[in-house]
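The structure under discussion appears below in the form of structure tokens.
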Amino acid sequence: MSNSYKLLIILLLTFTMLFGDGCEAKQVATVNYNSKLVVHYINVGQGDCSLIQIENKNILIDAGPNDAANSVVNYLNSAGVKGLDLIIATHPHEDHIGGMANVIRKFPVKIMYAPRKISYTEEFNDMVAALRSKKMKIHVAIVTGMEQVLLKGSDYELKILAPLHENYDEVNNYSVVCKLQYKNTSFLFTGDAESPVEDELLQKGSDIKADVLKVAHHGSRYSSTQEFINKVSPKIAVISCGKNNDYGHPAPDTLTRLREAEIKTYRTDVTGTVVILSDGQNVRRWQPEHVY
């Protein structure tokens with residue numbers, strides 16, 4: 001991405017994604033906008049994958065499930081990604097790290113963060129093997145005192161808000177929760193953090209207010225309490241989930257809370273990939289002028 005406020009990006013989002021419903025999604029889009037920050041909530045079916053592009057930096061949070069591994073790489077290529085300055089694996093579940101090894105092998109990566117939680121699964125072992133092949137290691141994401149700043153630029157800061165310790169009962173609650181502040185706009189990424197983590201953040205008084213919320217755990221009933229939503233007070237919420245998934249995501253109660261709070265909500269199972277732009281003062285969803 002250019003440092004200029006006048007940005008013309010041509011995203012050739014030509015890719016095929018095979019999900020549980022067997023559908024194919026193909027896009028060719030031309031994007032014109034006035035923005036230095038672009039956040040892509042990539043449609044990976046039942047999973048999570050977010051790409052942040054700001055000030056010539058590319059940051060990837062999660063990489064979707066195994067069956068979206070090639071689609072994620074294709075999308076990154078389409079978005080002009082040549083290398084990743086930072087990758088975050090929020091927690092070691094297949095629907096978040098299934099495509100991570102493929103990403104690590106295909107792109108130069110500067111640094112990786114993940115919680116101190118090991119998983120004895122093929123996808124976790126494959127991710128570790130990919131890191132070792134590049135002589136990289138995982139940096140532990142945890143907040144023991146001051147919030148951990150991962151990246152900082154002239155106008156932005158990305159910091160970790162959770163996990164707050166290393167003794168959670170559920171793997172989901174080890175999720176890396178992070179906040180991106182860009183001038184007067186902010187984005188909150190929550191992984192699959194459930195209500196116990198939300199309560200911890202509220203009790204700690206963490207700065208969770210954000211303009212855009214990536215709704216935790218695909219909108220499940222175990223996350224997004226009323227108190228948490230009220231505190232975040234987002235203008236936009238994004239739910240990443242698969243069409244006709246087996247888990248009933250997003251939960252009706254979650255959708256009701258978002259609707260009653262008058263939060264504009266986008267779902268990847270309904271609209272596909274969601275792209276949010278920020279000029280530092282306002283956030284808005286980018287919608288392609290031409291989709292073929």
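The values are calculated or read from the model by the stated rules, or taken from the named source; none is laboratory data. What you see is a predicted model; the values in this text were computed from it and never measured. In this analysis, Cβ positions are derived from the backbone assuming ideal geometry, glycine residues included, and neighbour counts consider all displayed protein chains.
Residues in segment 193-204: is at least one under 24 Å from K159 (Cα atoms), assigned to a loop (DSSP other than H, G, I, E, B) and at pLDDT 95 or above?
Yes - at least one qualifying residue is present in segment 193-204.
Looking for something within 23 Å of T265 (Cα to Cα), assigned to a loop (DSSP other than H, G, I, E, B) and either among the polar types (S, T, N, Q) or free of Cβ contacts under 8 Å to residues at least 40 places away in the same chain (or both) - is there at least one such residue anywhere in segment 151-167?
no
Could you tell me whether any residue of segment 213-228 is surrounded by fewer than 24 Cβ atoms within 10 Å (Cβ to Cβ), in contact with a strand residue (DSSP E or B) (Cβ under 7 Å, 6 or more places away or on another chain) and in contact (Cβ under 8 Å) with a residue 12 or more places away in the chain?
Checked against the condition, which is being surrounded by fewer than 24 Cβ atoms within 10 Å (Cβ to Cβ), in contact with a strand residue (DSSP E or B) (Cβ under 7 Å, 6 or more places away or on another chain) and in contact (Cβ under 8 Å) with a residue 12 or more places away in the chain, segment 213-228 yields no hits at all.
Would you mind finding the one in S233, S240 that is of a type in the set (S, T, Y) and crowded, with 24+ Cβ neighbours inside 10 Å?
Residue meeting the stated conditions: S240.
Residues being of a type in the set (V, I, T), part of a strand (DSSP E or B) and out of contact with any Asp or Glu (no Cβ under 7 Å at 6 or more places or on another chain): count how many of those fall in segment 131-150.
Residues flagged as of a type in the set (V, I, T), part of a strand (DSSP E or B) and out of contact with any Asp or Glu (no Cβ under 7 Å at 6 or more places or on another chain) within segment 131-150 amount to 2.
How many residues are among the small types (G, A, S) and touching a Phe, Trp or Tyr at 6+ places or on another chain (Cβ under 7 Å) if we restrict to segment 221-262?
Final tally of qualifying residues: 2.
Listed here are the residues, each with its yes/no results for (1) under 22 Å from G145 (Cα atoms); (2) of a type in the set (A, V, I, L, M, F, W, C).
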| site | (1), (2) |
| --- | --- |
| A193 | yes, yes |
| E198 | yes, no |
| L202 | yes, yes |
| I208 | yes, yes |
| D211 | no, no |
| A216 | no, yes |
| Y222 | no, no |
| S233 | no, no |
| C241 | no, yes |
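Consider A210 against the criteria (1) part of a loop (DSSP other than H, G, I, E, B); (2) among the hydrophobic types (A, V, I, L, M, F, W, C); (3) closer than 26 Å to K36 by Cα; (4) more than 16 Å from the chain's Cα centre (by Cα): it satisfies all of them except one. Which criterion is unmet?
(4)
Any idea which of Y247, Y266 is out of contact with any Pro (no Cβ under 8 Å at 6 or more places or on another chain), farther than 22 Å from Q181 by Cβ and surrounded by 13 or more Cβ atoms within 10 Å (Cβ to Cβ)? Show your work before the answer.
Numbers: Y266 fails: farther than 22 Å from Q181 by Cβ.
Matching residue, one of Y247, Y266: Y247.
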